[in-house]
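Worksheet: the structure to be examined is printed underneath.
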Amino acid sequence: MTDLATANKNLWRDVFDSEDLRYCFNCSTCVSGCPASNANPPLLIRNLARMVILGLEDELLEQDTPWTCVTCSRCEEFCPMNVKPFELCLAIRKWQSRNDETRIPPSIVEIYSRGYTQAVERNTEQRKALGLPEKLSAISEYPELLEKFRKMLMQTQVISKNAYMFEGV
């Protein structure tokens, strides 16, 4: 059981210093269009927002789900409170990396090989029904940018020290 008495009440400032985050009322609208919500385990950004708001550092540090985000930003289009869930997800990744330099995200091989973790082409019908563009642009559509992205990743210490994971990709 989590002891909220020992929680870091200012964690939200360390992770994502945005007053908007505290407007999240856990409606789950951000999850409705998220292709990573179908991942195993699912990315439930609302749960991550709660961890940040409640100051649950240990639980947040152990989470692998922020790394399943495909950066499609559908959650941002859907969020009725303008909490910026996609940016929160990226901020959590940065915070985790700052607080655990040995962290190797489980999805890093997928990120390296195609630039994202989940199939971004899902939910086209739902996007169309909402009046949103059916397809979002993905880095995999631009081979030269994907190669630059891979080179950038290889310059990071955690990736370069584990280069064996990317052989043959």
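Hey, among Ser107, Ser73, Ser113, Ser137, which residue is small (Gly, Ala, Ser) and loosely packed, with under 14 Cβ neighbours inside 10 Å? When all the criteria are applied, what remains is Ser137. One residue stands out in the stretch 140-159 among those that are surrounded by 10 or more Cβ atoms within 10 Å (Cβ to Cβ) and at pLDDT below 85: the one that is nearest to Ser113 (Cα to Cα), namely Ser140. Note on the stretch 31-47: residues that are in a helix (DSSP H, G or I), in contact (Cβ under 8 Å) with a residue 12 or more places away in the chain and touching a Leu at 6+ places or on another chain (Cβ under 7 Å) total 3.
If you check Ser28, Ser32 for being modelled with pLDDT of 90 or more, surrounded by fewer than 20 Cβ atoms within 10 Å (Cβ to Cβ) and under 25 Å from Leu130 (Cβ atoms), only one passes: Ser28.
So that you can scan it fast, the table gives a plain yes or no per residue for (1) small (Gly, Ala, Ser); (2) closer than 19 Å to Ser97 by Cβ:
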| site | (1), (2) |
| --- | --- |
| Asp3 | no, no |
| Arg13 | no, yes |
| Asp20 | no, no |
| Tyr23 | no, no |
| Ser28 | yes, no |
| Cys34 | no, no |
| Leu44 | no, no |
| Leu48 | no, yes |
| Glu57 | no, yes |
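Going residue by residue through the stretch 2-9, is there one that turns out to be surrounded by 21 or more Cβ atoms within 10 Å (Cβ to Cβ) and either among the β-branched types (Val, Ile, Thr) or not in a loop (DSSP other than H, G, I, E, B) (or both)? No, every residue in the stretch 2-9 fails to be surrounded by 21 or more Cβ atoms within 10 Å (Cβ to Cβ) and either among the β-branched types (Val, Ile, Thr) or not in a loop (DSSP other than H, G, I, E, B) (or both).
The values are calculated or read from the model by the stated rules, or taken from the named source; none is laboratory data. A quick note: this is a predicted structure, and the numbers were derived from the prediction, not measured. Reconstructed Cβ throughout: ideal geometry from the backbone, glycine too, with neighbour counts over all protein chains shown.
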